[in-house]
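The values are calculated or read from the model by the stated rules, or taken from the named source; none is laboratory data. It should be emphasised that the depicted structure is a prediction, and the values quoted were computed from it without experimental measurement. Note: ideal-geometry Cβ built from the backbone for every residue, glycine included; neighbour counts use all protein chains shown. The area values use the complete protein model at the heavy-atom level, side chains included, leaving out ligands, DNA and RNA. Shrake-Rupley method; radii C 1.70, N 1.55, O 1.52, S 1.80 Å.
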Amino acid sequence: RGKRAFIAGVADDNGYGWAIAKSLAAAGAEILVGTWVPALNIFESSFRRGKFDESRVLPDGSLMEIAKVYPLDAVFDSPEDVPEDIKTNKRYAGSSNWTVKEVAESVKQDFGSIDILVHSLANGPEVTKPLLETSRNGYLAALSASSYSYISLLKHFVPIINPGGSSLSLTYIASERIIPGYGGGMSSAKAALESDTRVLAFEAGRKHKIRVNTISAGPLRSRAAKAIGFIDMMIDYSSANAPLQKELSAEEVGNAAAFLASPLASAITGAVIYVDNGLNAMGVGV
Ligand code: NAI
């Protein structure tokens, strides 16, 4: 049987989640995605209208299929956690069962189990503010959406991930080196995500034989990255200074994700894998 993957954080065809879905589909996996509730309608209608058809093409010429799109808001674990203003919000009222616990239950009902879990989402409402000017709420919101969301996803999906399965997230080097402009506690959120990758690898490995890794990706002009405001500069900086002087394509990250999810990586867990044209290895720009 082919493998089944659930990828949280796909809402268009520009980000890493989409590219990872494609690489996994090309390797024969069945694809389920979790899409942020407020972005669901536009994603589904664009998909139906054929807006993504060009970027759905797989190496064998066929189009990537998505077996099911689940509405998801990874900031809420179960219905009890959802505040009134969100419940009654127009963009949420049309969807149901989108808390993490409910999504895992729906996937279990629909498909029974999965083999691969991917977390490709982040959000920091104050990302454009320096850390020194970040509010407590902004900081905690960044950690909630970008770090705890992963713990919650893994916690709720673990019972339906087959032994030998693999879990993956996306991180950024701002966790360990100073990247001015990556603010609002997002650098802190990535540091937490990387530390949690090690602890979760231990816990999920011992208990469930599941591997847990994170990809530290180089800059990509995704919707989320454009919102931060310095992505073009980061791409130019990387092209100028990295060992490999080419623009990073999302597909290169997708392919690394497919490798990490495959039996070829059966002894790799608890790792931060750099897919960044080698930029992380530089000490100075030259
Ligand atoms: P993206 O915009 O394609 O993906 C982010 C997704 O998160 C969006 O689909 C958004 O709808 C979703 N999202 C936000 N809040 C959510 C919530 N509460 N519940 C569910 N979904 C939610 O952008 P990108 O850049 O591909 O981001 C994917 C991952 O890659 C993120 O973890 C990001 O930090 C990471 N990354 C991105 C880099 C870049 O340069 N684009 C570099 C290194 C890491």
Q) In the stretch 20-80, with Lys and Arg counted as +1 and Asp and Glu as -1 at Cβ, which of these residues, Leu58, Leu72, Val33, has the Cα nearest the positive end of the dipole, that is, farthest along it? A) Leu58
Q | Debye, to nearest 20: dipole size of the chain, +1 on Lys, Arg Cβ, -1 on Asp, Glu Cβ | A | 380 debye
Q) So what is the calculated 222 nm ellipticity per residue for the chain, using -39500 (n - 2.57) for each DSSP H run with n of 4 or more, over all residues, to the nearest 500 deg cm²/dmol? A) -11500 deg cm²/dmol
**Q.** DSSP-loop trypsin sites (Lys or Arg not before Pro) across the stretch 2-68, with at most 13 other Cβ within 10 angstrom
**A.** Arg49
Q) Expressed as a whole percentage, what fraction of the accessible surface of the chain belongs to carbon and sulfur atoms when a 1.4 Å probe is rolled over the protein heavy atoms? A) 54 percent
Q: For the chain, report the translational diffusion coefficient in µm²/s to the nearest whole number, using Stokes-Einstein at 10 °C, 1.306 mPa s, and a Kirkwood Rh over Cα pairs.
A: 83 µm²/s
Q: Sort the stretch 75-231 into rounded, prolate or oblate with this rule: let a ≥ b ≥ c be the square roots of the eigenvalues of the Cα gyration tensor; rounded if a/c is under 1.5, and if a/c is not under 1.5, prolate when a/b is larger than b/c, oblate otherwise.
A: oblate
Q. Most fluctuating residue of Gly184, Gly15, Gly28 in a GNM of the chain with Cα springs under 10 Å: which is it?
A. Gly28
**Q.** DSSP-assigned coil residues among GluC sites (Glu not before Pro) in the stretch 126-223, each with at most 16 further Cβ atoms within 10 Å
**A.** Glu176
(Q) Once you place label points 7 Å from the Cα toward the Cβ at Arg49 and Ser96, how far apart are they in nm? (A) 2.8 nm
Q) Using a simple spin-label model with points 7 Å from Cα along the Cα→Cβ vector, what separation in nm is obtained for Gln245 and Arg206? A) 4.9 nm
Q. Rg and Dmax of the stretch 148-286, Cα atoms, in Å?
A. 15.7, 48
Q) Mind checking the dipole of the stretch 127-238: about its Cα centre, +1 per Lys or Arg Cβ, -1 per Asp or Glu Cβ, Debye to the nearest 20? A) 360 debye
Q) Between rounded, prolate and oblate, where does the stretch 1-118 land on the alpha carbon gyration tensor, with a ≥ b ≥ c its root eigenvalues, rounded for a/c under 1.5, else prolate if a/b exceeds b/c? A) oblate
Q | Accessible area per residue, Å², the chain with all protein chains present, probe 1.4 Å | A | 48 Å²
